[in-house]
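> Sending over a structure as structure tokens; questions will come in a sec.
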Amino acid sequence: MKILVLNAGSSSLKYQLFNMETGNVLAKGTCERIGAGGAITHKVPGRDNFYEEPDFKNHGAALKTVLELLVSKEHRVIEDVNEIDAVGHRVAHGGAKCRQSTKVTESVIKYLETIVPINPLHGPPAIAGIKACTELMPSVPQVAVFDTSFYSDMEDFRYVYPIPYDFYENDKIRRYGFHGTSHRYVSAEVARVIGRPIEELKIVTCHLGNGSSITAVDGGKAIDTSMGFTPQEGIAMGTRSGTVDPTVVTYLMKTKGYTAQEVEDILNKKSGLLGVSGISNDCRNIAEAAAEGNYRAQLAMKILINGIKKYIGSYVAEMNGIDALVFTAGIGENQMDIRREVCKNMSYLGIEIDEDKNANFERGVPFNITKSGARVQTWIIPTDEEYMIANDTKRLAFE
Ligand code: AMP
């Protein structure tokens, strides 16, 4: 069985073609600058990467190029597009109704269209990706996998905001949580590598990338998470502020005359590590500047690290314990100084890491950085959302 996984962003389309019998990736790549020129990087294991700059007018044009490449004489990994058995889509937001991965139907598409107002950045490209598949591969079943669905078991007191209840009931303003596919994957994976049933484990998963979120997974279920109504809530991120006193918003509007959109842009695109450091949203650049003694870079790092610690501590309190702590995504998988500082002075909670293992970790595989004798297992687990999407697609496409 061959499954194509698509992850559509506002101007990008990432793809991976899986052979589900072997679990191997046959080809993967990224289409960029959709709607404003175009570029595609296509990778086939064992062959040279292919790069081209075609004109991608929309997501449909990008998908067409991907399908042509997969069967082209030079880059072929399948003989015919009909060999693709199903398509799995990453969809950031499932709203209140799409609580689990689901087969795509007309009514699913219609529902996703109704929730675009609460998912304005990611909703339209995901819908465009689904429609492009329907047009180009009409007989191939499609499955939508939502970032929010891992949180569908959260209890009401964890997702209802303490604002007038009408806003929850009528406007669906609540905590949804994001990065769920990643948290679901790494929590299952840490249970596997530890060799214990996930039902027995209390796990905190830290997905630290350009966008970051932290989730408490108790017995295999996400019971709480740092992102909320949008991916804006939680810890400081590359360019997002994370949680700030909401009065900052109204104060800026009242005293500086900013519009709602302008404040949203400040908090979404000009804050976080970039906003504090004034240097970059890329944690590597900030770590470098901090090491050279730049005060604002050091401050940005401290804010990030303190935020992560606070969430871990609060989730230990909520779960009454912790068995495993997981670091994943760009920062979590690569930046050993962040992991070291987060885990410093956490021995009270049983979290202690081996500094040598943390510094000399192996990339791309689950890696145990637990100090010998520590109560809590601490692991680096490379995330694999695409694999998770392919698996859900295999399970649901032919139901
Ligand atoms: P992501 O959003 O998961 O791609 O993560 C992006 C973040 O990971 C950026 O802040 C990068 O600085 C950070 N990062 C650190 N080391 C690396 C690395 N070796 N490769 C990619 N990203 C890295």
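> List the helices (runs of 4 or more DSSP H) inside the range 240-308, counting only whole elements, that have at least 1 residues being out of contact with any Asp or Glu (no Cβ under 8 Å at 6 or more places or on another chain) and within 14 Å of the ligand (Cβ to nearest atom).
Those helices (runs of 4 or more DSSP H) span 272-277, 283-291.
> With respect to residue 3, determine if the residue is closer than 23 Å to residue 393 by Cβ, at pLDDT 95 or above and in a loop (DSSP other than H, G, I, E, B). Break it down into steps so the answer makes sense when it comes.
Working: closer than 23 Å to residue 393 by Cβ: yes; at pLDDT 95 or above: yes; in a loop (DSSP other than H, G, I, E, B): no.
No, not satisfied.
> A follow-up question, please. Report yes if residue 117 is surrounded by fewer than 19 Cβ atoms within 10 Å (Cβ to Cβ) and farther than 19 Å from residue 3 by Cα, otherwise no.
Yes: the conditions hold for residue 117.
> Could I ask something else about it? Looking for something in contact with a Gly (Cβ under 8 Å, 6 or more places away or on another chain), on the phi < 0 side of the Ramachandran plot and touching a residue at least 40 places away in the same chain (Cβ under 8 Å) - is there at least one such residue anywhere in the range 282-292?
Filtering the range 282-292 down to residues in contact with a Gly (Cβ under 8 Å, 6 or more places away or on another chain) leaves 282-283.
Filter once more, so that each one left must be on the phi < 0 side of the Ramachandran plot: 282-283.
If we keep only those that are touching a residue at least 40 places away in the same chain (Cβ under 8 Å) too, we end up with 282-283.
Yes, because at least one residue in the range 282-292 is in contact with a Gly (Cβ under 8 Å, 6 or more places away or on another chain), on the phi < 0 side of the Ramachandran plot and touching a residue at least 40 places away in the same chain (Cβ under 8 Å).
So that you can scan it fast, the table gives a plain yes or no per residue for (1) crowded, with 24+ Cβ neighbours inside 10 Å; (2) out of contact with any His (no Cβ under 6 Å at 6 or more places or on another chain); (3) part of a loop (DSSP other than H, G, I, E, B):
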{"residue": "127", "(1), (2), (3)": "no, yes, no"}
{"residue": "143", "(1), (2), (3)": "yes, yes, no"}
{"residue": "157", "(1), (2), (3)": "no, yes, no"}
{"residue": "162", "(1), (2), (3)": "no, yes, yes"}
{"residue": "166", "(1), (2), (3)": "no, yes, no"}
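> Something else: Under the condition of being touching a strand residue (DSSP E or B) at 6+ places or on another chain (Cβ under 9 Å) and over 19 Å from residue 374 (Cβ atoms), which residue from the range 309-333 is nearest to the ligand (Cβ to nearest atom)?
Residues of the range 309-333 touching a strand residue (DSSP E or B) at 6+ places or on another chain (Cβ under 9 Å): 311-312, 314-316, 318-333.
Pick out the ones that are also over 19 Å from residue 374 (Cβ atoms) and you get 311, 314, 318, 328-331, 333.
Values: 311: 17, 314: 23, 318: 25, 328: 8, 329: 4, 330: 2, 331: 4, 333: 7 Å.
Checked the range 309-333; the qualifying residue nearest to the ligand (Cβ to nearest atom) is 330.
> Kindly indicate whether residue 173 is hydrophobic (A, V, I, L, M, F, W, C), surrounded by 16 or more Cβ atoms within 10 Å (Cβ to Cβ) and either within 26 Å of residue 238 (Cβ to Cβ) or under 16 Å from the mean Cα position of the chain (by Cα) (or both).
Working: hydrophobic (A, V, I, L, M, F, W, C): yes; surrounded by 16 or more Cβ atoms within 10 Å (Cβ to Cβ): yes; either within 26 Å of residue 238 (Cβ to Cβ) or under 16 Å from the mean Cα position of the chain (by Cα) (or both): yes.
It is true that residue 173 is hydrophobic (A, V, I, L, M, F, W, C), surrounded by 16 or more Cβ atoms within 10 Å (Cβ to Cβ) and either within 26 Å of residue 238 (Cβ to Cβ) or under 16 Å from the mean Cα position of the chain (by Cα) (or both).
The values are calculated or read from the model by the stated rules, or taken from the named source; none is laboratory data. Not measured: the values here are computed from a predicted model. In this analysis, Cβ positions are derived from the backbone assuming ideal geometry, glycine residues included, and neighbour counts consider all displayed protein chains.
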